[in-house]
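Colleague: Please read through the structure below; I'll follow up with questions.
The values are calculated or read from the model by the stated rules, or taken from the named source; none is laboratory data. Keep in mind that this is a model prediction, so the values were computed, not measured. Note that each Cβ is placed from the backbone with ideal geometry, even for glycine, and that neighbours are counted across all protein chains shown. These accessible areas exclude ligands, DNA and RNA; they are computed on the full protein's heavy atoms, side chains included. Shrake-Rupley method; radii C 1.70, N 1.55, O 1.52, S 1.80 Å.
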Amino acid sequence: KSYDYEITGLAAERVETHMKRFLEEGEKSLYQEGEDAGKQLTKEMESFVSDYNMMIRKIGDLSDSVDETYAKKLKMEISARETALKQIGITQEKDGTLSFDKTVFQTVKPEAVQKIFGDKSTLSNRVQVLASGVKSNCRKQAAALFATTSGNYSRYASDSNQTRQTGSRYNAKG
């Protein structure tokens with residue numbers, strides 16, 4: 001279970017990073033004109049969709065009420081922009097994951113993507129905040145599970161130390 005929290009947290013961290021990339025301006029902006037810029041934007045979007053889907057699927061595997069709340073909010077953010085996202089080749093499936101139509105995406109001008117994900121939109125900001133919440137919760141849960149497991153180990157280790165020191169867990173005198 002700790003491993004699942006770690007994987008979910010890593011996927012959430014990657015989603016958070018993608019959102020930061022979509023919000024970058026100036027020379028680092030993904031919305032530059034040109035063939036290389038278009039390829040970079042497509043690659044970033046493919047990677048975002050993949051990481052987002054991993055995060056949503058893993059949240060489903062965890063059965064954690066806090067993360068499920070984040071997943072519902074993420075799905076609502078996507079649903080609220082369903083029409084605009086569909087125009088750039090992104091659709092939300094029934095399970096909350098995203099489908100990415102690369103062919104449609106590559107026909108869209110970068111400005112159309114920027115309107116949804118760039119500085120003029122709140123989608124990237126909202127998804128970034130929610131992904132950060134998922135990441136934070138997963139780290140707390142993984143640490144708590146580790147501490148519980150470590151605590152059991154320490155308890156048993158102290159029992160074995162007591163046995164080693166006295167020769168028995170029980171007093172021989174009765």
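Colleague: Can you tell me which of 8-19, 102-113 comes out highest on packing, and rank the rest after it, using the mean Cβ neighbours within 10 Å? Don't jump to the answer; show the numbers that get you there.
Modeller: Values: 8-19: 22.6, 102-113: 14.7.
Packing order, densest peptide first, comes out as 8-19, 102-113.
Colleague: Less than 15 Å Cβ to Cβ from residue 74, Lys/Arg counted +1 and Asp/Glu -1: what total charge do the surrounding residues give?
Modeller: Values: positive: 14, 57, 58, 72, 73, 75, 81, 94, 126, 135; negative: 13, 16, 51, 64, 67, 68, 77, 82, 93, 95.
Spelling it out: positives minus negatives among the neighbours equals 0.
Colleague: Might you report the magnitude of the Cβ-based charge dipole of region 1-137 about its Cα centre, with Lys and Arg at +1 and Asp and Glu at -1, to the nearest 20 debye?
Modeller: Working: 21 positive and 24 negative charges, 62 e Å.
Taking the Cα centre of region 1-137 as origin, the dipole is about 300 debye.
Colleague: Roughly how compact is region 45-140, stated as its Cα Rg over 2.2 N^0.38 Å to two decimals?
Modeller: Details: Rg = 13.4 Å, N = 96, 2.2 N^0.38 = 12.5 Å.
Region 45-140 yields a ratio of 1.08.
Colleague: Relative contact order of region 30-124: what whole-number percent is it, with Cα pairs under 8 angstrom and at least 6 residues apart?
Modeller: On the way: 80 pairs, mean separation 26.7, N = 95.
Relative contact order of region 30-124: 28 percent.
Colleague: Then there's this: Compute the length gained on full extension between residue 43 and residue 27: take 0.36 nm times their separation in residues and subtract their Cα-Cα distance, giving the result in nm to one decimal. Before the final figure, lay out the partial values.
Modeller: Values: separation 16, 0.36 × 16 = 5.76 nm, distance 1.76 nm.
Once the chain is fully extended between residue 43 and residue 27, it gains 4.0 nm.
Colleague: Karplus couplings for region 54-67 from phi (6.51 cos²θ - 1.76 cosθ + 1.60, θ = phi - 60°), rounded to Hz, Gly and Pro as x?
Modeller: Per-residue couplings from phi come out as 4, 4, 5, 5, 5, 4, x, 6, 6, 6, 9, 4, 5, 5 Hz.
Colleague: Structure shown: which of 39/72; 72/102; 39/109; 94/115; 58/86 lie over 22 Å apart, alpha-carbon to alpha-carbon? Working shown, then result.
Modeller: Working: 39/72 31 Å; 72/102 26 Å; 39/109 12 Å; 94/115 25 Å; 58/86 24 Å.
From the list (39/72; 72/102; 39/109; 94/115; 58/86), the Cα-Cα distance tops 22 Å for 39/72; 72/102; 94/115; 58/86.
Colleague: First compute the accessible area of region 1-76 with a 1.4 Å probe, then give the percent of it belonging to carbon and sulfur atoms.
Modeller: Percent of accessible area from carbon and sulfur atoms in region 1-76: 48.
Colleague: Same structure again: Quick one: accessible area per residue over region 28-103, 1.4 Å probe, rounded to a whole number of Å²?
Modeller: On the way: 4290 Å² over 76 residues.
Result: 56 Å² per residue.
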